[in-house]
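Worksheet: the structure to be examined is printed underneath.
What follows draws every value from the coordinates through simple rules; no lab data is involved. What you see is a predicted model, and the numbers here were worked out from it, not measured in a lab. Ideal geometry is used to build each Cβ from the backbone, glycine not excepted, and the neighbour counts take in all protein chains shown.
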Amino acid sequence: MCADHSPPTASPSRRGFLFKLGLALNVIGATLVGIPVIGYIFGPARRLGGRTWIELGALSRFPEGETRLAIYENPGSVPWDGATAKVACWVRRVKGDEFQVFAINCAHLGCPVRWFPQSRLFMCPCHGGVYYEDGSRASGPPPRGLFQYEYEIRNGQLWVRGGQLPTLSGPV
Amino acid sequence: MRAGVALRSLFQSVDRWLEERAGLGAAIGPVLAHRVPRSTASWWYVFGSATLALFVLQIATGICLALVYVPSADGAYQSLVYLNYHAPFGWYLRALHFWGSNGMVAVMTLHMIQVFLFGAHKYPREMTWVVGVVLFICTLGMAFTGQILRWDQDAYWGLGIGASIAARSPVIGEQAVHILLGGPIIAARTLSRFFAVHVFAIPGLLIAMTGLHLWLVLRLGINEWPMPGRLVDRETYHRRYEEEIEKDGVSFFPHAARKDMVGMGVVILIVLVCAALFGPHGPRGFPDPTLIDTAPKPDFYFLALYSLFALLPPWTETVLMLLGPPLAIGLLFLVPFIAGTGEKSWKRRPVAVLGVILIVLVVTTLAGLGVIVPWSPHMEAWSAVPTPVAYVKGRSPLELQGALVVQNKQCRTCHALGGEGGERGPALDGVATRLTRDQLIRQVLQGGGNMPAYGKNLSPAEVNALVAFLDTLRPKGQVPARPAVNLEQDRGDRGAGSGGSGAGRLDPPRR
């Protein structure tokens, strides 16, 4: 009679099955949560080279033989980007329709280079990289010249292809 | 009298009620009472608890800042300005959080040096050291991400530096940049990412690892004061530690804890005073990437790295940027496995002591250089710094023209004159004692030795004027540089016995 009130004892095979079922359910759950989480965190890595053509302005804004700062809005910006949606670049009009458009970022570690028209040099404030007016490396630590945009002239407007921070491994 | 007795019995019954249910006294009591070697109740042992106190301060002030701070690229800067100038005590909480973080990095470094010199990483406390290294890395991670949340120009361009380093990794460089920035450029998603890491991910890890670190300290006992000649041996260590505690042990509370408490109070007070005296740090300039007249600089914990990147030879840079940090961290993790037994006392570990001295000297020297940035061009020197009067007084029109070229062509961005200007290149005072006229022309036109070539950027007339001016730059009474042919002649003269200091006679005819 008393034996009836003792807790039910499961058979070893049933216990083993429950343990395995519990384990399996949790592994499945963790995987199903993990896949979207990893995809979410590493998602930005899958969208590479999302560069588009951007209008920089009328050719008349860029006098021949001069290098001018131009500003555009990043094509992939979101409304809460604020000022960081803006990107600056240096536009050098060599002559006629021949241009060079340089990224603002030093090829060394990405600091903003400044143009000095008097000495016709770009200088970087961080570690002292210097570039000539054609963007080639003059001195300092940069391993290469300035990053250049692809450009096109459409109906008297200068267009560049951009939308990503230029680095040694990715174009502008 | 009677009221006092009643109050006391009330306290006792509340305490009994709580203890019966929570059992906290039974859990914490033995922790407080556990015996430690008397030698460890020392001022040298207070840095760990002081770091913990600062961490608690960081959590408290961090939560307060999050009540107002807006982790959005278009609002973060304004919310920081609001904290500085409008929110009651906002400036003070920002200052506390900033000085607290400085303090935490500093005191944690002292703790690390102390435990290393006292051999605390040796058997059986290897894992305590390893967890400590994780805590150290997490704290530096907090320092870097916190600097980003300041969302000013330093933060923006600091991210550019981080991305440029990540981009140097082979194959996955571009992907690494996008993962770091949360997108193709530094913008809103970047800030949100760093906010989540700074406020949730790393603090969670820090709290968990701090718990594990403390558990290990309690489980293995605090490291005894190292005695020269008393070697750590896996067979006998535990027995000897027990013996020491039995013979000359004290209960942790209050014998050792009182010094810890003083240490905690002192570091917190130092942070409070620094915050009150020096105030919050930044934000240093609106994070508009089109405002390019900026010279970004990291907070002090990363100044040494910042200097290193300027001073490394370019060809070593990518390799060292990518392999340096993992190697350094790997080495830190391996310390207890490289030297896990044997001598504990710093008095008999010359390599360990010299290693610490070397690292401290290298890091402080680099950080010091990071403050004065001798390699950075002085962008405003050409238009803002005057030419020393002595260098223009009584000069010919051509030489004066040359002095103008020095200013207008930004020579002083890298070259100092009269102690003012850049230090990237050599100072030009006395340049005529080092370079002849021909060498000056060659150097200006062709550059070299880390100087750009000015051949295409200067007219012959400008070069002529510039060199005429540079030729006047030598201290009174010093010999100008002479061409090598004259040197040969000079030797011949000496051979003939004329010798002496006939400097004036050897002066090449000028103009």
If R0 is 41 Å, what FRET efficiency do you get for B:ARG16 and B:ILE270 from their C-beta distance, rounded to 0.05?
-> 0.50
Each label point is 7 Å from the Cα along the Cα-to-Cβ direction; what then is the distance between the points at B:GLU380 and B:LEU218, in nm?
-> 5.6
Selection from B:ALA3, B:TRP382, B:LEU435 lying farthest towards where the dipole of chain B points positive, charges on Cβ | B:LEU435
Please tell me which of these pairs span more than 29 angstrom C-alpha to C-alpha: B:LYS297/B:LYS409; B:LYS297/B:LYS476; B:LYS247/B:LYS344; B:LYS409/B:LYS476; A:LYS95/B:LYS297; A:LYS86/B:LYS297?
-> B:LYS297/B:LYS476; A:LYS95/B:LYS297
Counting other C-beta atoms within 10 Å, which of A:LYS95, A:LYS86 has the fewest, and how do the rest follow?
-> A:LYS95, A:LYS86
Taking the Cα centre of the range B:33-372 as the origin, how large is its charge dipole in debye, to the nearest 20, when only Lys and Arg (+1) and Asp and Glu (-1) carry charge on their Cβ atoms?
-> 720
Quick one: compute the contact order of chain A, relative version, from alpha carbon pairs under 8 angstrom and 6+ residues apart, as a percent.
-> 19
For every other residue with a beta carbon closer than 15 angstrom to the beta carbon of B:ALA188, add +1 if it is Lys or Arg and -1 if Asp or Glu, then tell me the sum.
-> -1
Reciprocal mean inverse distance between Cα atoms of chain B - Kirkwood radius, Å | 28.3
Give me the net charge of B:LEU466's neighbourhood, meaning all other residues with Cβ under 10 Å from the Cβ of B:LEU466; Lys, Arg count +1, Asp, Glu -1.
-> -2
Relative contact order of chain B: what whole-number percent is it, with Cα pairs under 8 angstrom and at least 6 residues apart?
-> 18
The exposure ranking of B:ILE179, A:ILE104, A:ILE35, fewest beta-carbon neighbours within 10 Å first, is A:ILE35, B:ILE179, A:ILE104
Between B:LEU24 and A:ILE71, Cβ-based FRET efficiency (R0 45 Å, step 0.05) works out to 0.15
Cα long-axis angle, helix B:126-149 against chain B (0 to 90 degrees, to the nearest 10) | 60
Computed from the beta carbon distance with a Förster radius of 41 Å, FRET efficiency for B:ALA390 and B:LEU320 to the nearest 0.05 stands at 0.40
State the answer as a single residue: which of B:VAL36, B:VAL273, B:TYR306 lies farthest towards the positive end of the charge dipole of the range B:33-372, with beta carbon charges of +1 for Lys and Arg and -1 for Asp and Glu, about the Cα centre.
-> B:VAL36
With everything on Cα atoms, drop me the angle between helix A:12-41 and the longest principal axis of chain A, reported from 0 to 90° to the nearest 10.
-> 10
Residues B:SER307, A:SER60, sorted so that the one with the fewest Cβ neighbours within 10 Å comes first | A:SER60, B:SER307
Would you compute, from DSSP H runs of 4+ residues alone, the mean residue ellipticity of chain A at 222 nm, taking -39500 (n - 2.57) per run and dividing by the full residue count, rounded to the nearest 500?
-> -6500 deg cm²/dmol
How long are the semi-axes of the ellipsoid equivalent to the range B:43-82, from square roots of 5 times the Cα gyration tensor eigenvalues, in whole Å, largest first?
-> 32, 8, 7
Against the longest principal axis of chain B, how steep is helix B:90-117, in degrees 0 to 90 to the nearest 10, with axes from Cα atoms?
-> 80
